[in-house]
Amino acid sequence: MSKKTFYITTPIYYPSGNAHIGHAYSTVAADVIARFKRLVGFDVVFLTGMDEHGQKIELTAKDKKVTPQELVDNISSKFEKLWKILNISNDQFIRTTSNFHKKAVKKIFTLLKSKQKIYKGFYKGWYCTPCEAFWTETQLDENYKCPDCKRDVKLTKDEAYFFKLSEYSDKILQLYEKNKNFIKPASRLNEMINFVENGLEDLCISRTSFSWGIKVPNDEKHVIYVWLDALTNYITALGYMSDNNRKFESYWPADLHIVGKEIVRFHAVIWPAILMALDLPLPKKIFGHGWWLTKDSSKMSKSKGDVIDPAYLCKKYSVDAVRYFLLRQVPFGTDGTFSFEAFFKRLNSDLANDLGNLVFRLISMIERYFQGKLPEQKEAEEKDKILIHSLVSAHKKVAYNIERLSFSLALKEIFKLVTACNKYIDDTAPWKLLENKNKNIRLATILYNLCESLRIISLLLYPFMPDTSCKIRKQLTIDKTINWEDAKRFGLFKASIPITKQEVIFPRIYLEKEKL
Ligand code: ME8
């Protein structure tokens, strides 16, 4: 029987500055889901990439005295490197300047036009260049600024192509009604219902004020609106409108689009309308996550100075510390403020003290009491059974929370096990047993139970912290194969294989020594 497929995407990123932890957020979250789905047997396609057209890029390139292509080549390669540093397991990396994408977008435009979903008219409206978004007068804020980024907007009147978005209000409301999971979390669904209920206007989908973009077929003075170009990446990446659409047939519709909250509107309104117009199936879920804010409570943004570079954090404090912090610190749907104090606190308490120390204590005891070779012992005492029960039942809670994108709760469940193991060591006090030779069996059993606990913890941690999971397994000489099913069973740890202490997995951070 062929495997069930799972198609997950992140937004494609604008190459107009350095990446910051806000970008890493969508991608790390998607990586956790992709890794988890692969573990539980799905055939996964995980797509990320770059959104490389638009006026903003043309202007930045001019400013920097390079061509737009040089600019996007340079920044896209930095993003690609960042995903490697962050251990992102994407299967594809799309760039909207790729020929295959440009060709497919032109065909999509032509198809929509032939279906009379696109027409030519005049556009008069307020344009926000940084957001690449047009606003009607009523949508502007009280100071006539962009309602999203609060920056200046420009009044524009132009001949332009329009997409008949206004035809789709009812169909989109029906979609929300029928599929309650289409937009998550629920608060974002309510925002979208209000937005669509106010009525949708036709969408201007071409520009003549700049040239860095995909040209409208047979009318080359018009460039296709960057959001039409960008959104369709999710299908062109799979070969839609190409000579080989096998992947598209197998993986579309997407199971999950992960996006930041400010672009839910594009994904939950415009994108389904385009797909409906193309007679294509709709994605199953759109999750709008919250923002990382700077200390002054504004959105961390590459056009502002105060950004945190994830590559720097990974290099200095380890990739898994960053992955852990991003997903543990705040629930995925809400905003969070990044501070080094909070980052170090998490690192020290959860990773260095609780998890790191558990691994270190256990291996030290195996070395000291059994010269690194634990005898095979498995008889459980009553007090062990409580620990064993919490271990073998954890996978359900972890899986449930990952599926709901409640990453913080999933990690909390895993770290409850870490705490339980540390408590088990304190309660059973293995060092006291050593004085009595007859009690060596009990001592070995306690240490065996702890090895087994760490084996299960390493499995549950794998989607979040693949490096750490492997380090723990290596230290305990556990087979490298990560098999989720093995998290459901206690007693698989193979004793009698020599274990030796290696590097400390999470060294403590001393705030006073850090130069920030
Ligand atoms: O929006 N906190 O690209 P982008 C959390 N090209 N997430 C943040 C963030 C922050 N401070 N700053 C940015 C685009 N993001 C389009 C997408 S998809 C067809 C086209 C998130 O580079 C943001 O919410 O401006 C978005 O999900 C992603 O980074 C890319 O932002």
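The values are calculated or read from the model by the stated rules, or taken from the named source; none is laboratory data. Keep in mind that this is a model prediction, so the values were computed, not measured. Note that we place each Cβ from the backbone using ideal geometry, even for glycine, and neighbour counts take in every protein chain shown. For the accessible areas, the whole protein counts, side chains as well, though only heavy atoms, and no ligand, DNA or RNA atoms are used. Shrake-Rupley method; radii C 1.70, N 1.55, O 1.52, S 1.80 Å.
Would you mention how many residues in the stretch 484-511 are assigned to a helix (DSSP H, G or I) and modelled with pLDDT under 85?
The number of residues fulfilling the criteria is 1.
So which of S187, S242 ends up being in contact (Cβ under 8 Å) with a residue 60 or more places away in the chain, within 16 Å of the ligand (Cβ to nearest atom) and under 29 Å from the mean Cα position of the chain (by Cα)? Give the steps one after another, and end with the answer.
Working: S242 fails: within 16 Å of the ligand (Cβ to nearest atom).
Going through S187, S242 in turn, just one is in contact (Cβ under 8 Å) with a residue 60 or more places away in the chain, within 16 Å of the ligand (Cβ to nearest atom) and under 29 Å from the mean Cα position of the chain (by Cα): S187.
For the stretch 24-49, enumerate the residues that are open to solvent by 20 Å² or more (accessible area, probe 1.4 Å) and not aliphatic (A, V, I, L, M).
R35, R38, G41, F42, D43
Filter the stretch 245-264 down to the residues that are assigned to a helix (DSSP H, G or I) and away from the ligand (no atom under 11 Å from the Cβ), then identify the one that is most open to solvent (accessible area, probe 1.4 Å).
Applying the filter and picking the extreme gives R246.
Restricting to the stretch 147-174, give me the number of residues that are modelled with pLDDT of 90 or more and closer than 18 Å to V269 by Cβ.
Of the residues in that region, 13 qualify.
Residues S339, S301: which one is within 10 Å of the ligand (Cβ to nearest atom) and either open to solvent by 10 Å² or more (accessible area, probe 1.4 Å) or within 19 Å of M192 (Cβ to Cβ) (or both)?
Unique residue meeting the criteria: S301.
Determine whether V66 is open to solvent by less than 40 Å² (accessible area, probe 1.4 Å) and either over 30 Å from F134 (Cβ atoms) or among the aliphatic types (A, V, I, L, M) (or both).
Details: open to solvent by less than 40 Å² (accessible area, probe 1.4 Å): no; either over 30 Å from F134 (Cβ atoms) or among the aliphatic types (A, V, I, L, M) (or both): yes.
So V66 does not fit the description; no.
Among the polar types (S, T, N, Q) and modelled with pLDDT of 95 or more - does that describe any residue in the stretch 59-73?
Going through the stretch 59-73, the residues among the polar types (S, T, N, Q) turn out to be 60, 67, 69.
Checking which are modelled with pLDDT of 95 or more leaves us with 67, 69.
Yes: one or more hits.
Which of the residues that make up the stretch 208-238 are open to solvent by 10 Å² or more (accessible area, probe 1.4 Å) and more than 16 Å from the ligand (Cβ to nearest atom)?
Residues satisfying the conditions are T208, S209, F210, S211, K215, P217, N218, D219, E220, K221.
Which of the residues that make up the stretch 191-243 are hydroxyl-bearing (S, T, Y) and either more than 18 Å from L280 (Cα to Cα) or not in a loop (DSSP other than H, G, I, E, B) (or both)? So that I can check it myself, show each step before the final result.
We begin by selecting, within the stretch 191-243, every residue hydroxyl-bearing (S, T, Y); these are 206, 208-209, 211, 225, 232, 234, 236, 240, 242.
Hits for the stretch 191-243 are S206, T208, S209, S211, Y225, Y234, T236.
Working only within the stretch 1-51, note down all residues that are in a loop (DSSP other than H, G, I, E, B), near the ligand (Cβ under 9 Å from one of its atoms) and modelled with pLDDT of 95 or more.
D51
Test each condition in (1) within 27 Å of A399 (Cα to Cα); (2) out of contact with any Pro (no Cβ under 9 Å at 6 or more places or on another chain); (3) of a type in the set (F, W, Y) for W431 and report the one that comes out false.
For W431, the failing item is (1).
Can you tell me how many residues in the stretch 441-483 are open to solvent by 10 Å² or more (accessible area, probe 1.4 Å) and farther than 20 Å from E376 by Cβ?
9
Determine the pairs where a residue that is under 23 Å from E167 (Cβ atoms), located within the stretch 119-141, has a partner that is open to solvent by less than 20 Å² (accessible area, probe 1.4 Å) and in a loop (DSSP other than H, G, I, E, B) with Cβ atoms under 7 Å apart, the partner being 6 or more residues away or on another chain.
W135/C146
Taking K412, is it open to solvent by 20 Å² or more (accessible area, probe 1.4 Å) and more than 16 Å from Y462 (Cα to Cα)?
Details: open to solvent by 20 Å² or more (accessible area, probe 1.4 Å): yes; more than 16 Å from Y462 (Cα to Cα): no.
Spelling it out, it is not the case that K412 is open to solvent by 20 Å² or more (accessible area, probe 1.4 Å) and more than 16 Å from Y462 (Cα to Cα).
Please work out if V322 is modelled with pLDDT of 95 or more, more than 20 Å from R473 (Cβ to Cβ) and either open to solvent by 20 Å² or more (accessible area, probe 1.4 Å) or out of contact with any Lys or Arg (no Cβ under 6 Å at 6 or more places or on another chain) (or both). Don't jump to the end; show me each part of the working.
Numbers: modelled with pLDDT of 95 or more: yes; more than 20 Å from R473 (Cβ to Cβ): yes; either open to solvent by 20 Å² or more (accessible area, probe 1.4 Å) or out of contact with any Lys or Arg (no Cβ under 6 Å at 6 or more places or on another chain) (or both): yes.
Judged against the criteria, V322 is a match.
Tally the residues that are of a type outside the set (S, T, N, Q) and under 20 Å from I85 (Cβ atoms), restricting the search to the stretch 1-49.
Qualifying residue count for the region: 24.
Inside the stretch 277-298, can you point out the residues that are out of contact with any strand residue (DSSP E or B) (no Cβ under 6 Å at 6 or more places or on another chain) and open to solvent by 40 Å² or more (accessible area, probe 1.4 Å)?
D279, P281, L282, K284, K295, D296, S297, listed by residue number.
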